[in-house]
1. With angles folded into 0 to 90 degrees, how steeply does helix 148-160 sit against the dominant principal axis of the chain? Use alpha carbons for both and round to 10.
2. For residue 115 and residue 223, compute 0.36 nm times the residue count separating them, minus their Cα-Cα distance, and round to one decimal in nm.
3. Report, in whole Å, the centroid distance computed from the Cα atoms of the stretch 57-85 and the stretch 158-223.
4. Would you mind checking which residues have amide H under 5 Å from residue 218's amide H? H placed 1.01 Å from N; only 5 or more apart, or other chain.
5. Distance in nm between label sites at residue 124 and residue 183, each 7 Å beyond Cα in the beta-carbon direction?
6. In this model, which of 12/209; 47/196; 12/179; 141/179; 47/209 are farther than 26 Å apart at the alpha-carbon?
7. If we count other beta carbons within 10 Å of each Cβ, what is the order of 114, 221, fewest first?
8. If you take every DSSP beta bridge whose two residues both sit in the stretch 83-225, what share of them, in percent to the nearest 5, is antiparallel?
Amino acid sequence: MSDVIEIEHLNKEFKTDAGAVRILRDVSLTVARGEFVAVVGPSGSGKSTLINMLTGIDRPTSGRVMVAGTNLNRMNENQMARWRGRNIGVIFQFFQLLPTLTILENVMLPMDFCNTYPVGERKNRALHLLDQVGLADQAHKLPSAVSGGQQQRAAIARALANDPPLIVGDEPTGNLDSKTAEQVFDMFGEMSRRGKTLMLVTHDRELAKRMPRVVRVQDGCIVNA
Ligand code: ADP
Ligand code: MG
């Protein structure tokens with residue numbers, strides 16, 4: 001089985017007025033294709049920082065990050081954005097849908113940006129993805145016109161737009177009530193059954209327990225993996 005994520009001796013420091021603060025300390029981690037991984041740990045332990053290294057949203061101070069066979073250290077910002085769009089579906093706690101685009105347009109955006117599907121197929125593909133997350137009837141609304149749970153389902157459809165091998169979420173159910181969180185979690189389970197690799201930061205112990213692998217971050221180290 002090939003590894004989708006390979007992190008070796010990753011260190012991340014942030015420069016602050018008080019000097020450099022080391023946030024990730026010699027982190028090594030591999031995640032195989034098809035794994036469904038929870039990332040847990042106290043607030044401030046470095047979970048988001050770790051996720052941002054994987055998505056290339058931020059860069060390591062030292063160490064190697066390989067995702068889907070690509071060494072992220074070597075890419076410039078432009079290459080990174082396009083590469084990310086094709087290879088990682090990123091889901092955020094606060095959805096990050098573009099407010100002036102309809103839900104349908106938000107889901108089409110990654111396909112437009114990365115040119116992954118023919119122009120004439122994009123709309124139908126987006127509608128199909130919205131149907132899969134139960135939002136077909138909301139497609140032409142603006143994000144502000146639907147509920148938080150619906151916005152997160154739209155963000156999931158958007159994350160799937162380019163059919164990336166890896167789905168990464170930073171507290172994707174953190175802003176949802178427990179019933180909605182449960183529905184969204186079920187969608188992640190469904191993606192996992194369909195062969196996606198998923199890595200989700202969660203505060204929710206009950207949800208983490210249901211994920212086959214739990215990675216615990218503490219003081220910038222992985223304490224079990
Ligand atoms: P978690 O997601 O586990 O709550 P984070 O990865 O967001 O933790 O943050 C880990 C630590 O790194 C925190 O102490 C936070 O204040 C610090 N940190 C995060 N981003 C920055 C930054 N850009 N500059 C300085 N410190 C940061
Ligand atoms: Mg965080």
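What follows is calculated from the coordinates using simple rules that are stated; it is not laboratory data. A quick note: this is a predicted structure, and the numbers were derived from the prediction, not measured. Virtual Cβ from ideal backbone geometry, glycine too; neighbours counted across all protein chains shown.
1. Orientation of helix 148-160: about 80 degrees from the principal axis.
2. Answer, rounded to one decimal: 34.9 nm.
3. 21
4. 223
5. The two pseudo-label positions are separated by 2.8 nm.
6. Violating the 26 Å Cα-Cα cut-off are 12/209; 12/179.
7. Lowest to highest Cβ neighbour count: 221, 114.
8. About 25 percent, rounded to the nearest 5.
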